[in-house]
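Throughout, read-outs are computed from the coordinates displayed, never taken from laboratory work. All values derive from a computational prediction rather than experimental measurement. Heads up, the Cβs are rebuilt from the backbone with ideal geometry, glycines too, and the neighbour counts pull from every protein chain shown.
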Amino acid sequence: MKIIGTGRANPAKIVTNAMLEEFLDTSDEWIRERTGMTERHVISNEKLEDLAAEAARKAIEDAGITPEDIDYIICSNVVNEYITPGLSCIIQGAIGAKCACVDVNAACSGFIYALDMADDRIKSGKAKTILVVAAEEPTRMVDWKDRSICVLFGDGAGAAVVTEGDALICSRLTTVSKTECLHYVRTLEPTPYITKQEESKPMFMNGREVFKTAVLSSSRDIRTLLDKAGLQPGDIKYYILHQANMRIIESICGQLKLDMSHFPTNVAHYGNTSSASVAILLDELNRDGKLHKGDKLLLSAFGAGFTTGACIIEWTK
C-alpha cells in the first residue's frame with residue numbers, strides 16, 4: 001500500500017498546565033519537566049464521532065478522491081460513548097461512504113495495526129482504497145483528581161487514505177499480555193444472575209513500568225525493522241513515534257544515537273491522544289510541507305496490552 005492522503009481534527013477546548021493548577025496539586029513546571037507537555041485539546045461539547053468524520057473528510061480531500069471511492073474503513077478506537085455499532089460504521093454514514101468497515105482496539109498502537117491490516121487487505125485483492133481512522137478520547141478514561149495521570153492525555157482524531165502501491169517497506173506487530181501495568185475497567189449492565197463482584201475503575205498506569213517497557217520495546221522494534229530493510233538509523237528522514245511523553249521520545253532517540261532533528265514532536269500541544277497521535281503528527285508533517293517524495297519514515301507506537309507496532313514506509317505523495 002501507499003498513503004495518498006491524511007487528515008486530523010482536534011477539540012476546540014485547549015487546557016493549559018496553568019488551568020490544571022486551578023484544581024490539581026500540580027504546577028506547570030512539574031508537568032513540563034516530567035512530560036514535556038504545556039497544553040492539550042480536550043473534548044467539551046464535541047462528539048468523538050464528529051471529530052473522526054472531520055479527519056476522514058480531510059484525508060479524502062487530500063487524497064483527491066470521493067467517499068464513494070473508499071471500499072473499506074478501518075477505525076482504531078479504545079473507547080467512546082458507543083459500545084455498538086462500531087465507530088467505523090458511524091464514520092461511514094457521516095462521510096457518505098458505501099463499504100464494509102471494522103473497528104480495531106490495539107490501544108495506542110492501533111493506527112499502525114490498522115495500516116498493517118489495510119496492507120494485507122489490499123494484497124489479498126479484497127480492497128483497493130482504504131480509509132484508516134484513529135479516533136480517541138482518553139480524557140474520558142482517567143480520574144481527573146489524579147495528577148499523575150490526567151495531565152497526560154488529550155483527545156483527537158487522525159486519518160489516512162491508502163491505496164495500491166509498494167510504499168510499505170516492512171512492518172512489525174507484537175503483543176505481550178501484561179495487563180497489570182496499564183488498564184481501564186468498566187462494569188457492564190447488571191443482570192439478575194450476576195453474583196461476581198464488579199467495579200468500574202478509572203485508568204490505572206504504573207508510570208515507571210510503562211516508561212521502561214515503552215523505550216525498550218520501541219527501540220527493539222525500530223532496530224529489527226532497520227535490519228530487515230537493510231537501512232541505517234540515519235537513512236530514516238523522520239521517526240514518527242507515539243506522542244506519549246517527551247522523555248520517552250528522547251530516550252528512544254538516545255538509544256539510536258541520533259539527534260532530535262529526526263524525531264518531530266507535537267506532544268507539547270496535544271498530549272497523549274492514544275492511537276490518534278501518530279496519525280495526527282503524520283498529517284501535521286504532510287500539511288506543513290515537511291514530507292517529500294522518496295522520504296523514508298518509521299512509525300512506531302506502544303500501548304496497553306502490552307502492544308507495539310512499527311513500520312517503515314516511503315512517502316510517495
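Assorted remarks:
- Scanning segment 148-163 for residues that are outside any helix (DSSP H, G or I) and either crowded, with 18+ Cβ neighbours inside 10 Å or among the hydrophobic types (A, V, I, L, M, F, W, C) (or both) returns 149, 153, 154, 155, 156, 157, 158, 159, 160, 161, 162, 163.
- For residue 61, the conditions (1) surrounded by fewer than 18 Cβ atoms within 10 Å (Cβ to Cβ); (2) without any contact (Cβ under 8 Å) to a residue 40 or more places away in the chain; (3) in a helix (DSSP H, G or I) all hold with the exception of (2).
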